[in-house]
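This report refers to the structure that appears directly beneath it.
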Amino acid sequence: MLKGFFNVPKPQNEPVLNYGPGSAERAQLQAALSEARSYVADIPMYIGAEEVRTGKTGEVRPPHDHQHLLANFHEGDKTHVTAAIDAALAAKEDWENLAWEQRASIFLRAAELISGPYRAKINAATMLGQSKNAYQAEIDSACEFIDFLRFNVHYMTEIYQQQPPISPKGVWNRVEQRPLEGFVFALTPFNFTAIAGNLPTSAAMMGNVVVWKPAYTQIYAANIIMQVLREAGLPPGVINLIYVDGPLAGDVIFSHPDFAGIHFTGSTGVFQNIWKTIGTNIHQYKTYPRIVGETGGKDFVVAHPSANADVVSTALVRGAFEYQGQKCSAASRAYIPASLWPAVKENMQRDIASFNMGPVEDFSNFINAVITEASFDKLAKYIDAAKADSNVEVIAGGGYDKSKGWFVEPTVLKVNDPYYVTMCEELFGPVLTVYVYEDDKFEEILDIVDKTSIYALTGSIIAQDRYAVAIATNKLRNAAGNFYINDKPTGAVVGQQPFGGARGSGTNDKAGSMINLLRWVSPRTIKETFDPPKDYRYPFLG
Ligand SMILES: NC(=O)c1ccc[n+]([C@@H]2O[C@H](COP(=O)([O-])OP(=O)(O)OC[C@H]3O[C@@H](n4cnc5c(N)ncnc54)[C@H](O)[C@@H]3O)[C@@H](O)[C@H]2O)c1
Ligand SMILES: N[C@@H](CCC=O)C(=O)O
């Protein structure tokens, strides 16, 4: 085995390619999209070294073209959950005893594969399976996922380097970062391929073995992630990818004695139920499980009267409508001073009128479809209720059409009540609600922003006046885990703005940071004494 204190390559953010007309990356991506649409993929589960095909299949269809069948995936049942746990535990000893630099190499290699030969393929899969346009797929499934892998390797070495500062004469104090005793369950959402990749790999990187269950609506790209990891040399059993109904998987996992932690991203309700189940079963586990969950948001933009109207409207239309508002960070409630409202409203109406909405294969479409029919129906219900409410004005959008895909127009509602339902609840779609306040009520509005929702994920203050920025920064201290000044509340970058929120938005363990990786290790302190005492008596006892 190699011996040495190795430095890992210094991580840099992966450059975002622009996919402009005539560019090589655009041609490659278009070819990958055509290729993916040219056949029906058959997607297995990955348990240990096996590709498992049950014959009980589910379908993958592009949300923007629900007549087209992209893939069939093989669904499992409780026996597959048990098999995945067994495979993980069988792989555990070899994996945790592998030198850290060998683990690091696998994930660095995976990053390189995504940066190069798999880039078009994983972006095309994300575009088709999750209805993301080329730019949104590029910043997610290519760049953010690559950044997670490279930066986490760097943070892992920083964690290993942190040692007790003092070893007095005759003593050597050290800390070993042990993987958790048992297996980790990674339960991932539909909306970011990068998050689906990060939740299992971050725990595995720290020496853990993982059972990974993605959202069914993200399986198409999850399958590419698994192909990349296998090509990068991840040994069988370290990450086991299963497609099993969530509650069914939960029944097996949360009652298993070797359950050592959950790495979750998804909705608040699901996370709270999982937490309760773990609490109820706590006596069954060998160790207290780590519970890490990044969940929902009701993210705000507050404009001060000193703000520039163009900055406000741009932050709103990008923050609220990129990826159809299906980012946990999406701006979904805005507080605009009366003096700015006419200009902000006009700008937003102009910008929204200029959006093209349609399939991802047409690169001129800024807006694509929402993820499922259930999401479409839920959004349509809220929009219809708003249209029927005399206290709500529809400023833009309000239409929807499911004939070809799950298309919901970017919609802006103006409400008279700052606690109107769409100011409080996460809808997870392209609906922005605006409340217009009197210019001299800035501080009062900050209090309302703080207490309107159970969430505290992201938020922005837009102001030229520095006192206003300072007041908002202080008053909204606990209203957002990612706080933006003069910017939209979306688009956190790994290595720059570690991401996560508190209150109803999660455990705030900041994905893509050292804080998160620390949740996947259990430190052991070792004290070694070189010349131990051989007599119990203190010197003064004679
Ligand atoms: N805070 C963050 O960093 C962050 C990032 C992305 C998404 N999100 C949140 O995720 C949500 C959208 O994603 P989603 O629709 O995939 O979330 P979801 O909660 O519906 O699903 C997340 C995962 O949990 C599984 N699941 C669902 N019900 C389950 C149950 N009863 N038992 C066990 N597993 C279950 C799903 O199959 C999926 O794999 C939004 O609320 C969004 O705000 C948060
Ligand atoms: N990290 C992403 C959001 C992830 C949630 O969906 C952002 O900052 O926009």
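The values are calculated or read from the model by the stated rules, or taken from the named source; none is laboratory data. Computed from a prediction, not measured in an experiment: that's the story for all the values here. Every residue, glycine among them, receives a Cβ derived from its backbone with ideal geometry; neighbour counts consider all protein chains shown. Side chains are part of the model used for accessible areas, which takes the heavy atoms of the whole protein and leaves out ligands, DNA and RNA. Shrake-Rupley method; radii C 1.70, N 1.55, O 1.52, S 1.80 Å.
Evaluate region 211-218: report whether one residue or more is surrounded by 24 or more Cβ atoms within 10 Å (Cβ to Cβ) and either part of a helix (DSSP H, G or I) or modelled with pLDDT under 95 (or both). Quick ask: steps written out before the conclusion?
To start, the set of residues in region 211-218 that are surrounded by 24 or more Cβ atoms within 10 Å (Cβ to Cβ) comprises 211-214, 218.
So of that shortlist, the ones also either part of a helix (DSSP H, G or I) or modelled with pLDDT under 95 (or both) come out as 218.
Yes: one or more hits.
Any residue at all in region 438-452 that's within 16 Å of ligand 1 (Cβ to nearest atom) and open to solvent by 30 Å² or more (accessible area, probe 1.4 Å)?
No, because not a single residue in region 438-452 is within 16 Å of ligand 1 (Cβ to nearest atom) and open to solvent by 30 Å² or more (accessible area, probe 1.4 Å).
Consider region 453-489. How many of its residues are more than 22 Å from GLU438 (Cβ to Cβ), among the β-branched types (Val, Ile, Thr) and crowded, with 23+ Cβ neighbours inside 10 Å?
Here the count works out to 1.
Please determine whether any residue of region 285-294 is open to solvent by less than 10 Å² (accessible area, probe 1.4 Å) and near ligand 1 (Cβ under 9 Å from one of its atoms).
For region 285-294, residues open to solvent by less than 10 Å² (accessible area, probe 1.4 Å) and near ligand 1 (Cβ under 9 Å from one of its atoms): present.
Among the residues of region 363-371, are any within 16 Å of ligand 1 (Cβ to nearest atom) and β-branched (Val, Ile, Thr)?
Yes - at least one qualifying residue is present in region 363-371.
Scan region 134-157 and report the pairs whose first residue is in a helix (DSSP H, G or I) and whose second residue is surrounded by fewer than 24 Cβ atoms within 10 Å (Cβ to Cβ) and of a type in the set (D, E, K, R), with Cβ atoms within less than 6 Å and a gap of 6+ or a chain change.
These pairs meet every condition: ALA142/ARG119; CYS143/GLU14; ILE146/GLU14; ASP147/GLU14.
Which of the residues spanning region 253-297 are within 16 Å of ligand 2 (Cβ to nearest atom) and either at pLDDT below 95 or among the polar types (S, T, N, Q) (or both)?
If the condition is that a residue be within 16 Å of ligand 2 (Cβ to nearest atom) and either at pLDDT below 95 or among the polar types (S, T, N, Q) (or both), then THR265, SER267, THR268, THR295 are the ones that fit.
For every residue, the table says whether it meets (1) away from ligand 2 (no atom under 14 Å from the Cβ); (2) β-branched (Val, Ile, Thr); (3) under 19 Å from the mean Cα position of the chain (by Cα); (4) under 15 Å from PRO189 (Cα atoms).
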{"position": "ASP299", "(1), (2), (3), (4)": "no, no, yes, no"}
{"position": "ALA303", "(1), (2), (3), (4)": "yes, no, no, no"}
{"position": "VAL311", "(1), (2), (3), (4)": "yes, yes, no, no"}
{"position": "ALA315", "(1), (2), (3), (4)": "no, no, no, no"}
{"position": "GLY319", "(1), (2), (3), (4)": "no, no, yes, no"}
{"position": "LYS327", "(1), (2), (3), (4)": "no, no, yes, yes"}
{"position": "ALA330", "(1), (2), (3), (4)": "no, no, yes, no"}
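Tell me, please, whether a residue that is surrounded by fewer than 24 Cβ atoms within 10 Å (Cβ to Cβ), in contact (Cβ under 8 Å) with a residue 40 or more places away in the chain and within 16 Å of ligand 1 (Cβ to nearest atom) can be found in region 197-206.
no
Can you name the residue in region 296-316 that is open to solvent by 10 Å² or more (accessible area, probe 1.4 Å) and assigned to a helix (DSSP H, G or I) and is also nearest to ligand 1 (Cβ to nearest atom) among such residues?
Per the stated criteria, the residue is THR314.
Which of the residues spanning region 268-295 are without any contact (Cβ under 8 Å) to a residue 60 or more places away in the chain, out of contact with any Phe, Trp or Tyr (no Cβ under 8 Å at 6 or more places or on another chain) and part of a loop (DSSP other than H, G, I, E, B)?
Residue satisfying the conditions is TYR288 alone.
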